[in-house]
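One structure is given here, and the rest of the page talks about it.
The values are calculated or read from the model by the stated rules, or taken from the named source; none is laboratory data. This is a predicted model, so every value here is computed, not measured. Heads up, the Cβs are rebuilt from the backbone with ideal geometry, glycines too, and the neighbour counts pull from every protein chain shown.
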Amino acid sequence: MRFLTAGWLAGLTVAAGLLCIVLVVDLTEYPYYVPRVLIFHYLLREQDMAGSVLLIAIALGAWLPGTRSAAIDAVEWLSRRPWTVAAATFAGLCAAVFVAGHNHALAGDEHLALFQSRAFAAGRLTGELPPELVFRLVPEFYQWRWLIASEHTGQVASMYWPGFALLLAPFSAIGAPWACNPLLASLSLVLIARLAARLSGVPQAGGWAMLLTLASPGFIGMAISYFSMTAHLFLNALFAWLLLERTPRRIVAAGLVGSFALVQSNPVPHILFALPWIVSVWRGAEGRRNVARLAVGYAPLALLLGLGWWLFLRELQGKTPMAMFASDEDILHRLGNLAWYVSLEFWKVFGLWEGAVPSRMLEQVRLWSWAAPGLPLLALAGWWLAREVQGARLLAASLLCTLLGYLPVVFDQGSGWGARYVHPAWSALPVLASLAMVRARSERLSNYVVRATMLSLVFANALRLYQIHMFMHDQLSLRPPFEKGVRQIVFIPFNPVNYSQDFLQNDPFLRDPVIFMASRGRSRDYEDIIRRRYPGARLAYDQPNGQVWRID
């Protein structure tokens, strides 16, 4: 590609950064005040404006005259020591979980996975709370949306598919759930390097892929959260790596890995990623037989953890609150109720002209501004230069399917770091970009990219980790102050602007000394809870953001 030069890459990166700023200003109606309840727009304005400015500065600063940068040796070093880099990355990410992320599940999605993993770690399918306190201990806003909570039995379970919670369960059992995503991200780093080296036939491509990955704050930020996206990314990358060679054993193994990816939180991320690969298997040699082998790998876990969990939740849920027909034994009525329920869920999620397109455009802002400088452009160039390589085409198709598959989704990603909905297919970007680097054979381009990525590795990651730290610090400061390790009841009044419902994070069996409850007003909290259950408790804190009662 004659346009793949340092000058063009720098110019297009700057232009894209400016476009990102324009989109944020226009679509979030800057300078009008954006309340924190619109968390996606709030984070775009508070974080991505600065991130885009830094991206432009890096793109310009890296475009300096020079012959050969000494930093180019880093690519060679990375390609020879992927496991050493992965081990160092794991240690750094674990530290960042505490320093930047405060080891706190920010969003309800994160806490539900953590909650369910603790139930699994205890050998149970559900949490067990006092039935009369369920509506105090579980946010009412989440009930029947993201979890099922029975006021009759006290059983509580997440409505997300259980794969990620099962991954977290061993870590929760040893008291280190914070290590799960850093470990998966570190393993993903090695997989990305292996994919790049295998598709290019050049070992240095693995070094380029690792450098571009580590220089992307979106990869780092997601790895220090409790979102399931890092698990999706790892399993999808492993699925692709297994299918680079179509032996019967690897195809069955790919199906097994794919089935676990399918049930991580919901099946959509893996379906969109896997679709091009499954079509390719079908169209290849022994197509029907190989698809059957894939199905053999997919079936056990998909049925046990996917269908099985869905049936378990339906049993736990009991009668559907909203239905077209009375709940009886008539099979047609039951099918009609199911179709009605599915249609309600469908129209709640999809709607192309009801805000979906602006949300997806802003999501691309996050994809761009949380990536290494020019990474999407390099990935596009890599796809073109290596378009004869089947694996490269399929990775690009997986990324495109993911982007198009979420296009009609009406809601935005809410909180989180980077582009959450694109993250399961994000590995395609550094792999394809590495193909561009080894095929372009341009010393000046290599010097420019390595300088830009080194600057991003240091300054972009530092900025984003600082932004994450400050946001988490500000959010946690909204809670009533309590003393860790001491038995306390913390009452949280409902405040949607500050997402106070996300502060109701309790152990599934109330084993932690601090218990968070929804407040109904100080007098009711005292009469209903303190006087009846904890008559010896004393009030330690009382402010508009909640009350803390210490149980001595």
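Applying the criterion of being among the basic types (Lys, Arg) and part of a loop (DSSP other than H, G, I, E, B) to the residues of region 406-464, the residue that is surrounded by the fewest Cβ atoms within 10 Å (Cβ to Cβ) is Arg441. I'm checking my understanding of the structure. Among residues of region 257-277 that are surrounded by fewer than 20 Cβ atoms within 10 Å (Cβ to Cβ) and of a type in the set (A, V, I, L, M, F, W, C), which one is modelled with the lowest pLDDT? Only one residue fits best here, namely Val268. With respect to (1) over 18 Å from the mean Cα position of the chain (by Cα); (2) surrounded by 14 or more Cβ atoms within 10 Å (Cβ to Cβ); (3) of a type outside the set (A, V, I, L, M); (4) in a helix (DSSP H, G or I), the lone exception for Arg246 is condition (4). If we scan region 382-397, do we find a residue that is over 24 Å from the mean Cα position of the chain (by Cα), in a loop (DSSP other than H, G, I, E, B), free of Cβ contacts under 8 Å to residues at least 60 places away in the same chain and within 21 Å of Glu245 (Cβ to Cβ)? Yes: region 382-397 contains one or more residues that are over 24 Å from the mean Cα position of the chain (by Cα), in a loop (DSSP other than H, G, I, E, B), free of Cβ contacts under 8 Å to residues at least 60 places away in the same chain and within 21 Å of Glu245 (Cβ to Cβ). Considering only region 79-125, state which residues are among the aliphatic types (A, V, I, L, M), closer than 30 Å to Ser434 by Cβ and in contact with a Phe, Trp or Tyr (Cβ under 9 Å, 6 or more places away or on another chain). Within region 79-125, Val85, Val97, Ala100 qualify.
Here Trp282, Trp241 are screened, and the one residue that is part of a helix (DSSP H, G or I) and free of Cβ contacts under 8 Å to residues at least 12 places away in the same chain is Trp282. Tell me, which residue of region 461-482 that is in contact (Cβ under 8 Å) with a residue 40 or more places away in the chain and among the charged types (D, E, K, R) is nearest to Ala105 (Cα to Cα)? Result: Arg479. Residues in region 496-532 that are assigned to a loop (DSSP other than H, G, I, E, B) and surrounded by 17 or more Cβ atoms within 10 Å (Cβ to Cβ): Tyr499, Leu504, Gln505, Asn506, Asp507, Pro508, Ser519.
Restricting region 64-75 to residues that are over 32 Å from the mean Cα position of the chain (by Cα) and surrounded by fewer than 18 Cβ atoms within 10 Å (Cβ to Cβ), which is modelled with the highest pLDDT? Out of the qualifying residues, it is Asp73. Among the residues making up region 34-45, a single one is among the aromatic types (Phe, Trp, Tyr) and closer than 17 Å to Asn495 by Cβ: Tyr42.
Scan region 14-34 for residues that are in contact with a Leu (Cβ under 9 Å, 6 or more places away or on another chain) and either within 17 Å of Pro376 (Cα to Cα) or part of a helix (DSSP H, G or I) (or both) and the total you get is 7. I'm trying to understand the selection: among the residues of region 25-40, which are of a type outside the set (Phe, Trp, Tyr) and either exposed (fewer than 15 other Cβ atoms within 10 Å of the Cβ) or farther than 18 Å from Gly221 by Cβ (or both)? Listed by number, the residues that qualify are Val25, Asp26, Leu27, Thr28, Glu29, Pro31, Val34, Pro35, Arg36, Val37, Leu38. Counting residues in region 143-160 that are part of a loop (DSSP other than H, G, I, E, B), closer than 21 Å to Ser259 by Cα and in contact (Cβ under 8 Å) with a residue 60 or more places away in the chain gives one or more. Just one of the listed residues (Val25, Val37, Val14) is within 23 Å of the chain's Cα centre (by Cα) and of a type in the set (Val, Ile, Thr), namely Val37. Yes or no: region 186-207 includes at least one residue that is under 30 Å from Leu114 (Cα atoms), touching a Ser or Thr at 6+ places or on another chain (Cβ under 6 Å) and free of Cβ contacts under 8 Å to residues at least 60 places away in the same chain. Taking every residue of region 186-207 in turn, none turns out to be under 30 Å from Leu114 (Cα atoms), touching a Ser or Thr at 6+ places or on another chain (Cβ under 6 Å) and free of Cβ contacts under 8 Å to residues at least 60 places away in the same chain. State yes or no: is Arg288 more than 26 Å from Leu395 (Cβ to Cβ), at pLDDT below 95, part of a helix (DSSP H, G or I) and of a type in the set (Lys, Arg)? The answer is no for Arg288.
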